[in-house]
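Throughout, read-outs are computed from the coordinates displayed, never taken from laboratory work. These numbers come from a predicted model, not from an experiment. Please note: Cβ atoms are built from the backbone with ideal geometry, for glycine as well, and neighbour counts cover all protein chains shown.
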């Protein structure tokens, strides 16, 4: 199957990494998760991101998940592989491996390691230059609060203009819309993909600022498409109404559940056998879990029906 042509646009949710109750990878469950996400309308999928619990996986497990997903997707949709690492060399190597395995894009956070080990702007530029030089597919820079690394609009725009494969930007810092608007203005045609994150909590403002892609949680891509599709087609009022309709679930995921939400919804709907997260992460409080499912049932997303 021929993948969509660039620029990639639309809804590209993060796939969770599926474990059994013992915390062992469940690759069969992973494949069912991916099938659901495609059936629910995902234009593409991102794997091994923070919402995929990438930080609890061994390198061997990362490889297992990457190959299982890319082989199973088999070109049905583009797959973005997160290759973040503090080391320029390791990140470049991970990115080469992802490209060789069939990734359409890699997503990379700036190098960070807690509050002590910070990399200056010149080092960040060289880091992304090294990764860009190592591959021939686009790189999405993830500008997220977890890194605590300031990435100025000037730096991002300069990298987009000067580094061949730096062309997508997932902006999920506070006041994301203002930064997206400034980035689009500063980078011009070099900004191939200004994208939104943070479970779509700021999606309408970000769409108004020029975003063309949404990387959300994986639980209800059908709902996010009801917002993004009409907006990108010029039907803003329809998108606004859909955003208001889905916002209670978006808010509950973003503010109460985090990465647990999509697994809980997938488990409730029979997509996966277990919604376990890997220790030391803890399961949702039963009351929070009940609240999430209660809100979701009012909206009737595909996830609650797909596996039954």
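Restricting to DSSP H runs of at least four residues, report the calculated mean residue ellipticity at 222 nm for the chain, -39500 (n - 2.57) per run over all residues, nearest 500 deg cm²/dmol.
On the way: 12 runs with 140 residues, N = 308.
Taken over the chain, the calculation gives -14000 deg cm²/dmol.
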* Structure fact -> Given a Förster distance of 25 Å, the FRET efficiency implied by the Cβ-Cβ spacing of residue 162 and residue 185, rounded to the nearest 0.05, works out to 0.90
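Multiplying the sequence separation of residue 294 and residue 256 by 0.36 nm and subtracting their Cα-Cα distance, what value in nm do you get? Walk me through the numbers on the way to the answer.
Details: separation 38, 0.36 × 38 = 13.68 nm, distance 1.35 nm.
Result for the pair: 12.3 nm of gain on full extension.
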* To do: For segment 11-45 and segment 207-252, write down the distance between their C-alpha centroids in whole Å.
  => 21 Å
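List the relative contact order of segment 10-303 as a percent without decimals, with contacts defined as Cα pairs under 8 Å and 6+ residues apart.
On the way: 536 pairs, mean separation 58.6, N = 294.
Reported as a whole number, the value is 20 percent.
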* Structure fact -> Listed with the fewest Cβ neighbours within 10 Å leading, 299, 183, 163 appear as 299, 163, 183
* Any idea how far apart residue 22 and residue 308 come out in nm if each label point goes 7 Å out from Cα toward Cβ? -> 3.0 nm
* Rounded if a/c under 1.5, otherwise prolate or oblate - segment 145-254, Cα gyration tensor axes -> prolate
* Gained length - residue 287 relative to residue 61, 0.36 nm times residue gap less alpha-carbon distance -> 78.2 nm
* **Rh by Kirkwood over Cα pairs, then Stokes-Einstein D for segment 56-185 at 0.890 mPa s and 25 °C, µm²/s** => 161 µm²/s
* Report relative contact order for segment 6-152 in percent, whole number only (criteria: Cα-Cα under 8 Å, sequence separation at least 6). => 19 percent
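If you count the DSSP beta bridges with both ends in segment 10-303, what percent of them are antiparallel, to the nearest 5?
Values: 2 of 25 bridges.
So the antiparallel bridges in segment 10-303 amount to around 10 percent.
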